[in-house]
Amino acid sequence: MKRNSKIWLWGMVTVAVLFGWHFLDVRAGASATGDGWLRGRYLWLGASVLGGLGIFGYALRKGEGKGRQIPLESLYAAAGLCLGILYMAVLPPLSAPDEVSHYISAYQLSSRILGQPSNSATGHVLVRAQDMWLEDVDGIYRYETGEDGYARASSDDTETARILGGVLAEETYRTLREQGITGRILPDGGRPMEADEPVVSVQPPVVTTPIAYVPQAIGIAAARLLHLNAVGLVFLGRVCNLLFFVGMTWLAMRRLPFGKEVLFGVALLPMTLHLSASMSYDVLIMGSMFYLTAVCLDLAFEKERVTLQDVAVLAVIMAAAGPCKMIYGVFMGLCLLIPVRKFGGVKGWGLAALAVAGAWAVSMAAVNAGTIAAYAAETESSVPWGEEAAYSFSYVLHHPYETAKIFYQTLLWQLEVYHRTMIGGYLGNLDEILDVPYGAVVLFTVCLLCLAMKKPGESQRMSAGNRIWIGVLCGGCAFGAMFSMLIAWTALSSAVISGVQGRYFLPFLPVLLMALKNDTIVLTKNGNRSILYLMCCANGYVLVRLYATVCIRL
């Protein structure tokens, strides 16, 4: 108890000192721009971080040694929500990777939920006139009325329009402050408009299953019913997505027979928190894969019998999340950890496998059949961002040496990038300025490894065969991510595979870490709760540093 009290105290003191250090940057930014309110908001952020750390540190230590500790899943729910909201405030709407496309996709679904027109005659998504400000902050669009009666941008400058959060700088904070949660800015580009008039957005939606956007769409639909402005709309969409992620992760932790601390730690990574507080469909993917992992491990190592309900849950998860990124279909292999006898025999096992795999296959065919067929049929292709020749299925099949070479070079030269971007490097829209320092990346990594290692008195639940199989599945997912970007995004002239990001590995990171537990490396003490508190402190540092960085980015 005394040792953990010191950790709690020193953690807060360290964050407080770093908070004071970065206040110098905030003060410099405020002085350069005349926006003195930046200092006040930074003080509120610091007070929230330190206050949250104090409460969380107390909750982690409560009842220690007396058998009355607060359950980890309850602690996660509180920490995940609080940190998620703080990340949401520091990294504002549409700043996450591809978030503007996810926002438009959720907006489209919200219109269908409300029974309103969702698309124009050309297939583009319709949004309220007042919400066009989000994708055209400087108001450069010029509008005309199309044949379908909807206003649409006709300016040649639509591709250069500034999207809110596209590049985070001090100006972004100022813009949000000026707009507030009550202000409304209507397009002023050639014709008068009403605030709720449907206007054609120029942003393309993501072509995937609409299930990926249900939480965000519910938030946007609620905001439209409440007549909130554009800022309120995007924040409410984000909040609903955060609630969904925290809920799914909480359910996964409740069901996990072991490894709760590992999942807790992965959920505390800056990249995980940044994505969970955005409108990205990565929230559905991560939440679903976390819960799939928990169900499979529970059925394999804890529960005595697999029920029809368990099979239905696995089938629904694969059908819902599979079409978003087909590479995670490999994760169905976790079901093979479950002994056949728990299905009541080979027949029951076969029917269950058919149900889960069939649900995934039907969902994939319904959503992605056209895309898969197009990639398979291509003999020549070009990268989406230029006219340069690109890899294709045909090229890969006929040039095995070149394909093996680019995979080898990618592993040699890009592993450090994958590591950084999995933990928290290049937040925002892959912005190298909004970076978690490498020292913090190493700290988060060491914490995860310590959480995964065996503790005194802890039993080893997984066999060597189980751990090897999990490693094969995770390797298959990683290979799938690299291969998909090879044929979708990589030019023939490239030395490495383009477009792969570390965040693609987060859905299978918890089970991979759980598989690292072994009888050879055993920690002398069980300090899991202290490690989790240390990760919260590190997040507090990341938050104040990110805010200070944006303030001096003029």
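The values are calculated or read from the model by the stated rules, or taken from the named source; none is laboratory data. Nothing here was measured: the structure is a model prediction, and the numbers come from that model. So basically every Cβ, Gly included, is an ideal-geometry build from the backbone, and we count neighbours across all protein chains shown. To get the accessible areas, we keep the full protein, side chains included, count just its heavy atoms, and leave off ligands, DNA and RNA. Shrake-Rupley method; radii C 1.70, N 1.55, O 1.52, S 1.80 Å.
The residues of the chain have, on average, 42 Å² of accessible surface per residue, using a 1.4 Å probe with all protein chains present.
Counting other Cβ atoms within 10 Å, keep those with at most 10, restrict to DSSP loop, and tell me which trypsin sites (Lys or Arg not before Pro) in the stretch 92-179 are left. Sparse-neighbourhood loop trypsin sites (Lys or Arg not before Pro): none present.
For the stretch 66-169, give the percent of accessible area contributed by carbon and sulfur heavy atoms, probe 1.4 Å, rounded to a whole number.
On the way: 2050 of 4130 Å².
Reported share for carbon and sulfur atoms: 50 percent.
Taking every protein chain into account, the 1.4 Å probe leaves ILE531 with about 30 Å² of accessible area, to the nearest ten. You can think of it this way: the chain between ARG254 and LEU523 has 94.4 nm of extra reach, that is 0.36 nm per residue less the Cα-Cα gap.
Pick out, in residue order, every one of the chymotrypsin sites (Phe, Trp or Tyr not before Pro) in the stretch 50-117 that is DSSP loop and has at most 11 other C-beta atoms within 10 Å; say none if there are none. Display every interim value, and only then the final one.
Working: sites: PHE56, TYR58, TYR76, TYR87, TYR103, TYR107; in loops: none.
Here no loop site has a sparse enough neighbourhood.
Over every Cα atom in the stretch 495-554, the radius of gyration and the widest Cα-Cα span, Dmax, amount to 17.6, 53 Å.
In what sequence, highest mean first, do 479-492, 227-240 appear when ranked by Cβ atoms within 10 angstrom?
227-240, 479-492
ILE85 contributes about 90 Å² of solvent-accessible surface, heavy atoms of the protein only, 1.4 Å probe. Nonpolar atom fraction for the stretch 480-554, defined as the carbon and sulfur part of the 1.4 Å probe accessible area, stands at 64 percent.
Do the alpha carbons of any pairs in LYS342/LYS455; LYS303/LYS525; LYS260/LYS303; LYS303/LYS347; LYS405/LYS454 sit beyond 27 Å of each other, and which pairs?
Values: LYS342/LYS455 29 Å; LYS303/LYS525 29 Å; LYS260/LYS303 17 Å; LYS303/LYS347 19 Å; LYS405/LYS454 38 Å.
In this structure, LYS342/LYS455; LYS303/LYS525; LYS405/LYS454 exceed 27 Å between Cα atoms.
Adding -39500 (n - 2.57) for every DSSP H run of four residues or longer, then dividing by how many residues the chain holds, sets the calculated 222 nm ellipticity at -19500 deg cm²/dmol.
Peptides 7-18, 339-350 ranked from most to least packed by the mean count of surrounding Cβ atoms within 10 Å: 7-18, 339-350.
When only DSSP loop residues count, what trypsin sites (Lys or Arg not before Pro) in the stretch 448-554 have their Cβ near at most 11 other Cβ atoms within 10 Å?
Working: sites: LYS454, ARG461, ARG467, ARG503, LYS517, LYS525, ARG529, ARG545, ARG553; in loops: ARG461, LYS517, LYS525, ARG553.
Filter output for the stretch 448-554: LYS525.
Working note: Cα atoms of the chain, range along each principal axis, descending, whole Å: 72, 59, 46.
Multiply the residue separation of SER48 and GLU147 by 0.36 nm, subtract the distance between their alpha-carbon atoms, and state the gained length in nm to one decimal. Display every interim value, and only then the final one.
On the way: separation 99, 0.36 × 99 = 35.64 nm, distance 5.16 nm.
Here the segment from SER48 to GLU147 would lengthen by 30.5 nm.
Between the beta carbons of VAL396 and GLU432, assuming R0 = 35 Å, the FRET efficiency works out to 0.70 to the nearest 0.05.
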